[in-house]
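Heads up, the thing below is written out as structure tokens.
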Amino acid sequence: MSLERFALTGKTALITGGSRGLGRAMALGFAAAGADVAIASRKADACDKAAAEVRQLGRAASAHACHVGRWEEIDRLVDAVYQRFGQIDILVNNAGLSPIAPSSLETPEELYDKVFAVNLKGPFRLSALVGTRMAAAGGGSIINVSSTGSIRPTPDIAPYAAAKAGLNTLTVAMAHEFGPTVRVNCIMAGPFHTDISKAWSRSEGFTAHAKRAFALGRAGEPDEIVGTAIYLASDASSFTSGTVIRVDGGLP
């Protein structure tokens, strides 16, 4: 197989949560592979900064402030990206919210609803809108970003784990809905060193745990998710759909 099948030249990607962490790493990785990138997150200034980094790589970019837990904002986001680029070939549902609650009893309804809105409701609506247009245009790739918490849940992240488990399920359902021209897959991410997680991912306690529990003995760096994302975004994965791929450093 030619390595040209991994190229994203001529493609446009929309990445939610694209201004930092794993989303930013994927945005820069896609740009390096030849894609134009639309970056969405709640903070406009952060999106602008990430979009500027994409342009420095020689690709076109747009920045969009959007709360993916709100359908009306999602509808506007999709319309804006199509108006700007005329197409979306790759959708990455990366935006996430993972607050910790003391217990299930002490989890307020507002927090529960917010976690499900960002982690599950938003990807559902985005995939419905973009997947339908992709299928009408002849194809595309949707990549959901889940978490190993969905299969290794702990009490302090129960709503988050349940929402991500729902995202795993949604991946399979939409692969069948939008196939055969649109591929829908999921990256189940393990612990990564991002600006959100660094408080615990670089702690002595977690470092000692990772050395014992993970095959690679550590958490990942954000750019270590890019290879899997480019594979799923590109023609290299033409026979891969409805699949959840673990990128977790060898979590048992």
**Prompt:** With F192, F214 as the choices, which residue is buried (at least 22 other Cβ atoms within 10 Å of the Cβ) and at pLDDT below 95?
**Reply:** F192
**Request:** Count, please, the residues in region 36-53 that happen to be of a type in the set (A, V, I, L, M, F, W, C) and farther than 25 Å from N119 by Cβ.
**Result:** 1
**Request:** Spot the failing condition for P123; the list is (1) out of contact with any Lys or Arg (no Cβ under 7 Å at 6 or more places or on another chain); (2) surrounded by fewer than 22 Cβ atoms within 10 Å (Cβ to Cβ), and only one is missed.
**Result:** (2)
**Complete:** Per the filter on region 126-140, residues polar (S, T, N, Q) and either at pLDDT below 95 or surrounded by 17 or more Cβ atoms within 10 Å (Cβ to Cβ) (or both) are S127
**Cross-chain or 6+ apart pairs with Cβ under 7 Å, region 104-118 first and within 13 Å of A158 (Cβ to Cβ), then of a type in the set (F, W, Y)** = V115/Y160
**Prompt:** In region 84-98, which residues are in a loop (DSSP other than H, G, I, E, B) and not hydroxyl-bearing (S, T, Y)?
**Reply:** G86, Q87, I88, D89, N94, A95, G96, L97
**Message:** Being polar (S, T, N, Q) and surrounded by 24 or more Cβ atoms within 10 Å (Cβ to Cβ) is the filter here; which residues of region 80-106 pass it?
**Reply:** N93, N94
**Asked** Residues in region 27-58 that are assigned to a helix (DSSP H, G or I), in contact with a strand residue (DSSP E or B) (Cβ under 6 Å, 6 or more places away or on another chain) and within 18 Å of R5 (Cα to Cα): how many?
**Response** 2
**Request:** Answer with yes or no whether A128 is aliphatic (A, V, I, L, M) and touching a Leu at 6+ places or on another chain (Cβ under 7 Å).
**Result:** no
**Message:** Take the conditions in contact with a helix residue (DSSP H, G or I) (Cβ under 7 Å, 6 or more places away or on another chain), of a type in the set (D, E, K, R), surrounded by fewer than 18 Cβ atoms within 10 Å (Cβ to Cβ) and touching a residue at least 12 places away in the same chain (Cβ under 8 Å) and apply them to D156. Does it pass?
**Reply:** no
**Asked** From the list A208, A175, which residue is out of contact with any Cys (no Cβ under 9 Å at 6 or more places or on another chain), within 19 Å of I15 (Cα to Cα) and assigned to a helix (DSSP H, G or I)?
**Response** A175
**Message:** Here is a list: V182, V172, V145. Which entry is out of contact with any Asp or Glu (no Cβ under 6 Å at 6 or more places or on another chain), of a type in the set (A, V, I, L, M), modelled with pLDDT of 95 or more and under 30 Å from P108 (Cα atoms)?
**Reply:** V145
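The values are calculated or read from the model by the stated rules, or taken from the named source; none is laboratory data. In this text the structure is predicted, and so the values were computed from the model without any measurement. Cβ: placed from backbone, ideal geometry, glycine included. Neighbour counts: every protein chain shown.
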